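Asks: Questions regarding the structure given below will be posed in turn.
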Amino acid sequence: MAALTPEVVEFLMTGTRTGMLGYLASDGRPLVAPVWFLVEDDHLVFNTAAGTAKGKALHRDPRVVMTVDDPHPPFSFVQVQGVAELSDDPTALRDIATRIGGRYMGADRAEEFGRRNGVPGELIVRVRPTKVIAAFNLAD
């Protein structure tokens, strides 16, 4: 397993950068979707509905890649290749959805997003890194 260094974790958790999740469609086409995420226990963590294209694809083939970038000078990015581990544990799901909601929408709306996204039919996705590529301050 590849480790997320402190520098990578700091970059990933700064502000409200959106992750771009790459996964494979049933016919093998590569697809990309934006996701809100957290870093927890050396994993990237997000939630998605089990019935979505992402949810179905991750059940079928758990190999994923997520790229997060800073599109402003001096430009930086992190790419995490990994394996998605899925869970529908209701307590953990509500907790993850609430914390993600708080990160992206603010503490005052965290519970609202936890109630909305931490419900039956949703999944917790934990991406266990197998390779991490990071490049910081590319324009310096």
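The values are calculated or read from the model by the stated rules, or taken from the named source; none is laboratory data. Keep in mind that this is a model prediction, so the values were computed, not measured. Cβ atoms come from the backbone with ideal geometry, glycine included; neighbour counts cover every protein chain shown. Only protein heavy atoms, including side chains, enter the accessible area calculation; ligands, DNA and RNA are left aside. Shrake-Rupley method; radii C 1.70, N 1.55, O 1.52, S 1.80 Å.
Asks: Using a 1.4 Å probe on the protein heavy atoms, what percent of the accessible area of the range 6-135 belongs to carbon and sulfur? Walk me through the numbers on the way to the answer.
Replies: Values: 3570 of 6500 Å².
Roughly 55 percent, rounded to a whole number.
Asks: OK, next. I want to make sure I understand the PRE zone here: with the label point 7 angstrom from the Cα of Thr5 toward its beta carbon, which residues in the range 29-53 have backbone N atoms less than 11 Å away?
Replies: Under cut-off, by backbone N: nothing.
Asks: For the range 6-135, what is the accessible area per residue in Å², given a 1.4 Å probe and the full set of protein chains? All intermediate terms of the calculation are to be shown ahead of the outcome.
Replies: Numbers: 6500 Å² over 130 residues.
Accessible area per residue: 50 Å².
Asks: If I stretch the segment between Thr16 and Asp41 completely, what's the gain in nm (0.36 nm per residue apart, minus their alpha carbon distance), one decimal?
Replies: Full extension from Thr16 to Asp41 adds 7.1 nm.
Asks: Which one of Gly51, Val35, Gly82 is farthest out on the positive end of the charge dipole of the chain, using unit charges on Cβ (Lys, Arg +1; Asp, Glu -1) and the Cα centre as origin?
Replies: Working it through, the farthest residue towards the positive pole turns out to be Gly51.
Asks: Another one. Please report the base-10 log of the normalised intensity I(q)/I(0) for the chain, using a Debye sum with one equal scatterer per alpha carbon and no solvent, at each q in 0.21 (1/Å).
Replies: The Cα Debye sum returns log10 ratios of -1.31.
Asks: Hey, with R₀ at 35 Å, roughly what FRET efficiency would Ala92 and His72 work out to, going by the Cβ-Cβ distance, to 0.05? Don't skip to the end; give the middle numbers.
Replies: Details: r = 34 Å, r/R0 = 0.97.
After rounding to 0.05, the efficiency reads 0.55.
Asks: Each residue of the range 119-135 in turn: what ³J(HN,Hα) in whole Hz from Karplus with 6.51, -1.76, 1.60 and θ = phi - 60°, glycine and Pro shown as x?
Replies: Running phi through 6.51 cos²θ - 1.76 cosθ + 1.60 with θ = phi - 60° gives 10, x, x, 8, 10, 8, 10, 10, 8, 8, x, 10, 7, 10, 10, 9, 9 Hz.
Asks: Pairs of Cα atoms under 8 Å, at least six residues apart: use those to get the relative contact order of the chain, whole percent.
Replies: On the way: 291 pairs, mean separation 41.1, N = 140.
In percent, rounded to a whole number, it is 29.
Asks: Of Pro120, Pro74, Pro34, which has the largest mean-square fluctuation in a 10 Å C-alpha GNM of the chain?
Replies: Among Pro120, Pro74, Pro34, the largest GNM mean-square fluctuation belongs to Pro74.
Asks: Could you compute the FRET efficiency for Asp27 and Val83, with r as their C-beta to C-beta distance and R0 at 25 Å, rounded to 0.05? All intermediate terms of the calculation are to be shown ahead of the outcome.
Replies: Numbers: r = 21 Å, r/R0 = 0.84.
Efficiency at R0 = 25 Å is approximately 0.75.
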